[in-house]
1. Assess whether Arg110 counts as being touching a Ser or Thr at 6+ places or on another chain (Cβ under 8 Å), modelled with pLDDT of 85 or more, among the charged types (D, E, K, R) and not in a loop (DSSP other than H, G, I, E, B).
2. When the residues of region 19-29 are filtered to those that are of a type outside the set (S, T, N, Q), under 26 Å from Ala117 (Cα atoms) and in a strand (DSSP E or B), which remaining residue is least open to solvent (accessible area, probe 1.4 Å)?
3. Which condition number does Tyr58 fail, the rest of (1) open to solvent by less than 90 Å² (accessible area, probe 1.4 Å); (2) in contact (Cβ under 8 Å) with a residue 40 or more places away in the chain being met?
4. For region 65-99, which positions are farther than 30 Å from Arg155 by Cβ, part of a loop (DSSP other than H, G, I, E, B) and open to solvent by 90 Å² or more (accessible area, probe 1.4 Å)?
5. Restricting attention to region 30-52, and to residues there that are surrounded by 14 or more Cβ atoms within 10 Å (Cβ to Cβ) and either farther than 30 Å from Tyr122 by Cα or touching a residue at least 60 places away in the same chain (Cβ under 8 Å) (or both), which single residue is nearest to the chain's Cα centre (by Cα)?
6. Being closer than 24 Å to Ser54 by Cβ and either among the aliphatic types (A, V, I, L, M) or free of Cβ contacts under 8 Å to residues at least 40 places away in the same chain (or both), is that true of even one residue in region 151-174?
7. So which residues in region 125-142 are farther than 15 Å from Arg99 by Cβ and outside any strand (DSSP E or B)?
8. Would you check if there is a residue in region 120-135 being more than 14 Å from the chain's Cα centre (by Cα) and under 25 Å from Ala82 (Cα atoms)?
Amino acid sequence: HPEPGSLLDASRTMAKIRYHQYQVVGRHVPTDAHPEPEVFRMKLWALDDVKARSKFWYFMSRLKKVKKANGQIIACNEIFEADTTTVKNFGIWIRYQSRTGYHNSYKEYRETTMNAAVDALYEEMASRHRVRASCLQIIKIAEVADKDVRRENTRQFIQDDLSFPVVTKVTRHPSKASKTIIKYKRPNHVTL
């Protein structure tokens, strides 16, 4: 772990993932007519566990006749991924509300984690389509194999011989004495 205040620690806090994956388990409150109601489990992305529970009731009230007043949450856990260092392709199926109506869409992202892909989704939908986070519902997320990638923008980064141009070449001084950032004496320029 990096020391607090170090450059590595600062870079991690700047690129912090906002959305986290939660698993919420809930059901209808047991009644005399239904002493053992059906239990529902939902995976969803939210900023924190409070908003995850709120989203759970939002979907449950639309999918099943269960709302917060007559339901109960059994468990709410954050889901962590096993591999967070390998770059993977993620396909995300979404439904969102624009100024003209409701639309279904499919997006692809190349990220190391699902949470980072969801972050990129919310940022792209806000910037390109002006969609607010409350007007966006994630239907499904799946890891996509390299051969099954649909979007050309994602496909261009899958090549084995991928290389990026060096835009700025920094010339370094050959002698070790001149490599310091702060010089203790003025340089001695000799003009001939």
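1. Details: touching a Ser or Thr at 6+ places or on another chain (Cβ under 8 Å): yes; modelled with pLDDT of 85 or more: yes; among the charged types (D, E, K, R): yes; not in a loop (DSSP other than H, G, I, E, B): yes.
When the stated conditions are applied, Arg110 passes them.
2. Top of the filtered list is Val24.
3. With respect to (1) open to solvent by less than 90 Å² (accessible area, probe 1.4 Å); (2) in contact (Cβ under 8 Å) with a residue 40 or more places away in the chain, Tyr58 is out only on (2).
4. Across region 65-99, the qualifying residues are Lys65, Lys67, Arg99.
5. Residue satisfying both the conditions and the ranking: Trp45.
6. Our first condition is that a residue be closer than 24 Å to Ser54 by Cβ; within region 151-174, this holds for none.
Looking for residues that are closer than 24 Å to Ser54 by Cβ and either among the aliphatic types (A, V, I, L, M) or free of Cβ contacts under 8 Å to residues at least 40 places away in the same chain (or both), one finds none in region 151-174, hence no.
7. Ser127, Ala133
8. No, region 120-135 has no match at all.
The values are calculated or read from the model by the stated rules, or taken from the named source; none is laboratory data. Predicted model, so just to flag it, every value in this text is computed and none were measured. Don't worry about glycine lacking a Cβ; one is built from the backbone with ideal geometry, like all the others, and counts go over all protein chains shown. The protein model used for the area step is the full one, side chains on, heavy atoms only, and it has no ligands, DNA or RNA in it. Shrake-Rupley method; radii C 1.70, N 1.55, O 1.52, S 1.80 Å.
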